[in-house]
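Below you'll find the structure, written out as structure tokens, and then a few comments.
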Amino acid sequence: MVEFLVGSGLAAAAGLNAWMPLFVLGLLDRFLPVIQLPSSWSWLSSDAALWITGILLVVEIVADKIPAIDSVNDVLQTVVRPASGGIVFGAGASAEAVRVDDPSLFSGGTWVPIAIGVVIALAIHALKASVRPVANVATAGLAAPVLSAGEDVSAFVLILAAIFVPALAGVLIVGLVFAAIVLLRRRRRRASAERSTAATR
């Protein structure tokens, strides 16, 4: 159960920002005794991986805060974020520091945790990609930097929670999904009301 919560938190973070969980997981494995990745995932903490994911993280953080470009970025990330989710679920759930249950499902290179991570990251990405255009239209793009910053903070908190307090990561994922659904429903009701008002004029 702990492994599942760790992997889910990391995969959900990847659905918001593809590169942040990869970069943070690699940094922690490289420099802190908090988590030890299995040999099959140790490449995440290599010099090349850290430089590449670090640079791509900066690019995504900047691009995601520019109206119009953020929507294009979300389209491009439709493949990248789920792939990242699969990687971090597989790596995080099978790491030595969090493996306390029977590890047969989440270790040994099995495809199951990768598939679970892909699905979780894709679901969170779909919610994010649905909310952003609605917010951009409603605020003429002014909400993009604020929403993006909130997503970056949420991704970072999810990563830390997944590693240090896995149960909290599960709660945060549920809260994130609930908030996104509420926001979408409110906007759709408001748009429907505006159309009805315009039709009666």
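Only one of the numbered conditions (1) within 17 Å of ARG132 (Cβ to Cβ); (2) in contact with a Gly (Cβ under 6 Å, 6 or more places away or on another chain) is not met by ASP64, and that is (2).
Results for (1) assigned to a helix (DSSP H, G or I); (2) closer than 20 Å to ALA123 by Cβ; (3) modelled with pLDDT of 90 or more; (4) in contact with a Leu (Cβ under 9 Å, 6 or more places away or on another chain), shown as yes or no for each residue.
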residue: GLY7; (1), (2), (3), (4): yes, yes, no, no
residue: GLY26; (1), (2), (3), (4): yes, no, yes, yes
residue: TRP51; (1), (2), (3), (4): yes, no, yes, no
residue: VAL58; (1), (2), (3), (4): yes, no, yes, no
residue: ILE61; (1), (2), (3), (4): yes, no, yes, no
residue: LEU76; (1), (2), (3), (4): yes, yes, no, no
residue: GLY85; (1), (2), (3), (4): yes, yes, yes, yes
residue: VAL88; (1), (2), (3), (4): yes, yes, yes, yes
residue: GLY92; (1), (2), (3), (4): yes, yes, no, yes
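Condition first: modelled with pLDDT of 75 or more and more than 16 Å from ALA179 (Cα to Cα). Now tell me which residues in region 121-143 satisfy that. If the condition is that a residue be modelled with pLDDT of 75 or more and more than 16 Å from ALA179 (Cα to Cα), then ALA121, LEU122 are the ones that fit.
Would you please list the contacts, defined by Cβ atoms under 6 Å and residues six or more apart or on different chains, that run from a residue in region 35-64 that is in contact (Cβ under 8 Å) with a residue 12 or more places away in the chain and at negative phi to a residue that is part of a helix (DSSP H, G or I) and among the basic types (Lys, Arg)? That search, which allows pairs on different chains as well, returns SER45/ARG30. Quick check: is even one residue across region 22-33 more than 18 Å from the chain's Cα centre (by Cα) and under 20 Å from PRO133 (Cα atoms)? Within region 22-33, none of the residues are more than 18 Å from the chain's Cα centre (by Cα) and under 20 Å from PRO133 (Cα atoms). Residues that are in contact with a helix residue (DSSP H, G or I) (Cβ under 8 Å, 6 or more places away or on another chain), farther than 13 Å from ALA11 by Cα and modelled with pLDDT of 80 or more are absent from region 95-113. Looking at SER42, SER94, SER46, SER71, just one residue is closer than 18 Å to ILE116 by Cα and of a type outside the set (Lys, Arg), and that residue is SER94.
Residue check: LEU183 meets all listed conditions (1) at pLDDT below 80; (2) under 19 Å from the mean Cα position of the chain (by Cα); (3) within 14 Å of LEU5 (Cα to Cα) but one, namely (3). Residues that are free of Cβ contacts under 8 Å to residues at least 40 places away in the same chain and within 28 Å of VAL146 (Cβ to Cβ) were ranked within region 21-34; the one that is surrounded by the fewest Cβ atoms within 10 Å (Cβ to Cβ) is LEU27.
The values are calculated or read from the model by the stated rules, or taken from the named source; none is laboratory data. Small disclaimer: the values here were computed from a predicted structure and weren't measured. When we count neighbours, we look across all protein chains shown, and the Cβ atoms used for this are built from the backbone with ideal geometry, even at glycine.
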